[in-house]
C-alpha cells in the first residue's frame, strides 16, 4: 500500500461489539495463530478448533467481544468474574489480536472496553491471572491502563523462545 497523498484523509470505522456465532470463522484464525505461536498463552499449541471454542467462548455472566475495523475482525476479548461465589466481585479478561493488527491500538481499545464493562457492572477490580513475563508489549500496555504486578510465579510458563519465564498476576482496583 502506498502512503496517502498530501491532504488525503483516512477514515477508519472501529466497533467493539458482542461476538456472534457468525463471527467465529474470523475469530478462530486469530485464536489459532496466537496459540500456535506459544509465547503468550498457556493454551496448548496444538489445540483444536473445538477446544478453542471451549476455552474462548465465555458463558454468562461473562461476555466475549470483537473489535471490527471496516468489516474486518482484528481482535477479541473475553471477560467476566475471575472466580464464582465469594470471588465474583473481581473480574478478569483475556485478549487476542490478529498479528497484522498488532501495534495499531487494538489491544488498548479492547482493554479500555473491558475496564468500562467491569465498572458498569460494579466489579471492585480486575485481575489478570497469567500475563507472561516475557510479553513486554502486554505488560507495558496493562501498566499504562493502571494495572500493577501484584505477584509473579517464577518459571510458570514454558516459552519456546525464552525458556521458563514467570507469569505475572496483575490487578486494577476499580473502587
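Quick rundown of the values:
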{"item": "Cα Rg, Dmax (largest Cα-Cα span) when computed across the range 83-175, Å", "result": "13.8, 40"}
{"item": "Full-extension gain in nm, residue 156 to residue 46, via 0.36 nm per residue minus C-alpha separation", "result": "37.7 nm"}
{"item": "Extension reserve of the residue 36-residue 149 stretch, reckoned as 0.36 nm per residue once the Cα distance is removed", "result": "38.1 nm"}
{"item": "Per-selection Kirkwood Rh - the range 14-173 (Cα, Å, 1 d.p.)", "result": "16.0"}
{"item": "Gaussian network model of the chain, springs between alpha carbon atoms under 10 Å - residue of 101, 33, 120 with greatest fluctuation", "result": "120"}
{"item": "Helix 24-37 axis, angle to the chain major axis (alpha carbon atoms, nearest 10°)", "result": "60"}
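No value in this document is a laboratory result; all are computed from the given coordinates. Just so it is clear, the structure is predicted and the values come from calculations on it, not from any experiment.
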